[in-house]
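The values are calculated or read from the model by the stated rules, or taken from the named source; none is laboratory data. Because the structure is a prediction, the values reported are computed rather than measured. All Cβ positions, even for glycine, are placed from backbone atoms using ideal geometry, and neighbour counts span all protein chains on display.
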Amino acid sequence: MIRRMESRWVFGDCRLGCQSTGVLVTWLGPVQWDGQHSPFMTCGPCLSRLRAQAEQYFIKRQPAAA
Ligand SMILES: [Zn+2]
């Protein structure tokens, strides 16, 4: 069974490289550093890029049978 990630979108700042502020973002998980943690939010375009990178990683690890 493939389970899709359900997202809740809020206005905030993207923490995934593009540095956009005041845009729709969704929570990916906590960032933990030196005993502290903060929310890791990402915008739609960054989430799409991350998803594509993850899919490429999965394809390389599990090549289709010939
Ligand atoms: Zn972004």
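Key figures for this structure:
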read-out: Residues of the range 22-37 that turn out to be within 16 Å of the ligand (Cβ to nearest atom) and not in a strand (DSSP E or B), as a count; value: 1
read-out: Near pairs, Cβ below 9 angstrom, 6+ apart or cross-chain, from the range 33-53 (within 20 Å of residue 10 (Cβ to Cβ)) to any residue that is among the acidic types (Asp, Glu) and within 11 Å of the ligand (Cβ to nearest atom); value: 41/13; 43/13
read-out: Selection within the range 5-21 - over 13 Å from the mean Cα position of the chain (by Cα) and either more than 10 Å from the ligand (Cβ to nearest atom) or modelled with pLDDT of 95 or more (or both); value: 10, 11, 12, 13, 20, 21
